[in-house]
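Read through the structure below, which is laid out as structure tokens, and then see the notes.
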Amino acid sequence: MKTVGIIGGIGPESTIEYYRFIIAGYRARTNDDSYPAIIINSVDLSKLVGWMNANELDAVTNYLAAAIEKLARAGADFAALAANTPHIVINQIRERSPLPMISIVEATRDKASALGLRRLGLFGTRFTMQSQFYPETFAEKQITIVVPNEAEQDYIHEKYFTELIKNIFLSETRARLLEIVRRMKNDDAIDGLILGGTELPLILREGGDDQLPFLDTTRIHADAIVDEILS
């Protein structure tokens, strides 16, 4: 059994979900009473957000690469970033990582492809929605990514950092997010929605329109991590 090293804390609430999902997924696939080996290095979200706001991506890379090196010294066999936004610099991190990495974006792309989805909406932080790492990765499977309009992006980003990261989940916020989903379905012809922020499934886990699948990137990533633990 391999040991997974997780870069957590981006944010803390979704890191807890990762731990639960990995243990549940592992135990569902094994026939004994064992548990998976997990090492979590919880980093400082405020530092990462500050650097990203200032577009200091080299600082983000240096910080996360050092965090992965710490996981390697602790005995991890592979690593995962328990968040979407830091994948802005995933290629730079992989070049420096002493450990193989399981990407949340690649895992979600493969899930979407398996489901036959071809035009997906993307919710996340502004960094995620405006970056090219989702469109470029999904284009490898001929899947198109559609993001909300500028005002909707502003709303989602603001609620992400003033509410969701702080474990605040309001019914009116959920209702507005679902309104954006419905608009994108009608206007942009999306056939699914990527919850491209690991706090988003905490407020949208029940879904909205039954005919529009929501891709929970936290759960999808956790499943891919369990695959690697057992490989």
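The values are calculated or read from the model by the stated rules, or taken from the named source; none is laboratory data. Everything numeric in this text was worked out from a predicted model, so none of it was measured. Note that each Cβ is placed from the backbone with ideal geometry, even for glycine, and that neighbours are counted across all protein chains shown.
Observations
- Counting the residues of the stretch 151-161 that are modelled with pLDDT under 95 and over 18 Å from the mean Cα position of the chain (by Cα) gives 0.
- Failed item, numbered, when residue 173 is tested on (1) within 21 Å of residue 81 (Cβ to Cβ); (2) buried (at least 16 other Cβ atoms within 10 Å of the Cβ); (3) polar (S, T, N, Q): (1)
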